[in-house]
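Enquirer: So that we are looking at the same thing, I have put the structure below in structure tokens.
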Amino acid sequence: MNPYIETLNRNKATKAFIELENYASVHQVPIIQYESLMMLQMLIRTKRVKTILEIGTAIAYSALQMATLSEEITIDTLERDEKMVALATKNIQQFGKQTQIHLHFVDALEIELDELQPQYDLIFIDAAKAQYQKFFERFVPLLAPGGIVVTDNILFHGCVEQSLSDGLNLSKNVQHLAKKIDQYNHFLNTLPEMETYYFDIGDGLAITMRK
Ligand code: SAH
Ligand code: MG
């Protein structure tokens with residue numbers, strides 16, 4: 001991020017969130033980058049988003065950042081890693097956000113849809129990168145009429161572009177993931193009822209809404 005822009009944005013960073021960011025950095029938990037968070041928060045405010053479905057909680061950094069915007073916001077967030085669920089539970093309690101954030105210890109591809117709300121204003125896709133299209137197809141029926149889908153990490157640290165040029169310095173596994181993300185990005189672009197906007201901020205952000 002441009003350091004000048006970063007300084008301006010970081011004005012609103014609070015101590016409690018900075019502690020979560022430090023934890024994530026030390027333990028290599030891939031939390032949302034700050035500029036992408038700014039875009040996400042701006043969308044939530046301008047669209048007056050009340051109900052959110054998040055795929056991939058990790059330590060609940062992004063969920064807490066979204067929940068602090070308004071007490072009217074409720075979030076269902078899905079996480080399959082037991083260790084992350086324990087950390088997220090602790091953090092949600094520490095921030096006193098248990099009534100707003102409902103954490104589900106579950107694989108997002110296995111949860112029964114009737115355990116969720118019938119509709120969400122925002123769906124935030126941020127879990128296993130190889131499964132993005134599956135997540136999208138599974139949860140898009142829950143998108144409210146004026147709702148938006150936000151997908152994080154669509155550049156995968158530059159690996160998507162690298163895999164398209166030569167990709168020689170990438171491991172087979174990373175190449176595979178990068179190809180899957182590239183396919184997903186193009187998949188979003190060909191949905192007849194949807195419009196997707198792609199942004200080169202953070203680790204790449206796609207914003208999808210009904211036409
Ligand atoms: N949204 C968080 C970061 C999430 S990191 C933030 O920005 O703060 C991605 C998380 O998705 C990891 O914790 C991983 O365990 C989880 N995950 C990956 N695949 C999943 C799946 N199929 N179902 C549920 N969680 C999944
Ligand atoms: Mg992410």
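Coordinate-derived values only; no laboratory data. Keep in mind the model is a prediction, meaning the values are calculated, not measured.
Enquirer: Given springs between every Cα pair under 10 Å in a Gaussian network model of the chain, which of Ser163, Ser62, Ser25 has the largest fluctuation?
Expert: Judging by the Gaussian network model, the answer is Ser25.
Enquirer: Moving to a separate point now. Relative contact order of region 3-210, please, whole-number percent, based on alpha carbon pairs below 8 angstrom and at least 6 residues apart.
Expert: Values: 320 pairs, mean separation 37.6, N = 208.
Relative contact order for region 3-210 comes out at 18 percent.
Enquirer: Given the pairs Lys83/Lys179; Lys47/Lys179; Lys134/Lys172; Lys83/Lys134, which are separated by over 27 angstrom at their Cα positions?
Expert: Pairs exceeding the cut-off: Lys83/Lys179; Lys47/Lys179.
Enquirer: Reachable aspartates and glutamates from Lys180, Cα under 15 Å, same-chain residues fewer than 8 places away excluded?
Expert: Asp126, Glu137, Asp152, Glu161
Enquirer: Could you work out which residue, out of Ile32, Ile52, Ile125, moves most in a Gaussian network model of the chain, that is, has the largest mean-square fluctuation with Cα springs under 10 Å?
Expert: Taking springs between Cα atoms under 10 Å, the residue moving most is Ile32.
Enquirer: Hey, another quick one. Percent of Cα-Cα pairs per 10 Å bin, from 0 to the last occupied bin, for region 3-210, please list those.
Expert: With a bin width of 10 Å, the distribution comes to 8, 35, 39, 17, 2.
Enquirer: Could I ask something else about it? Name the lysines eligible as straight-distance cross-link partners of Lys90: C-alpha to C-alpha under 24 Å, and not fewer than 8 places from it in the same chain.
Expert: Of all the lysines, those that pass the test against Lys90 - Cα under 24 Å, at least 8 places apart if same chain - are Lys12, Lys15, Lys50.
Enquirer: With θ set to phi - 60°, apply the Karplus curve 6.51 cos²θ - 1.76 cosθ + 1.60 along region 104-109 and write out the HN-Hα couplings as whole Hz, x wherever there is a Gly or Pro.
Expert: Coupling constants for region 104-109: 10, 7, 6, 7, 4, 7 Hz.
Enquirer: Would you calculate, for the chain, the mean residue ellipticity at 222 nm contributed by helices, counting each DSSP H stretch of 4 or more residues as -39,500 (n - 2.57) and dividing by all residues, to the nearest 500? Walk me through the intermediate numbers first.
Expert: Numbers: 8 runs with 86 residues, N = 211.
Rounded to the nearest 500, the figure is -12500 deg cm²/dmol.
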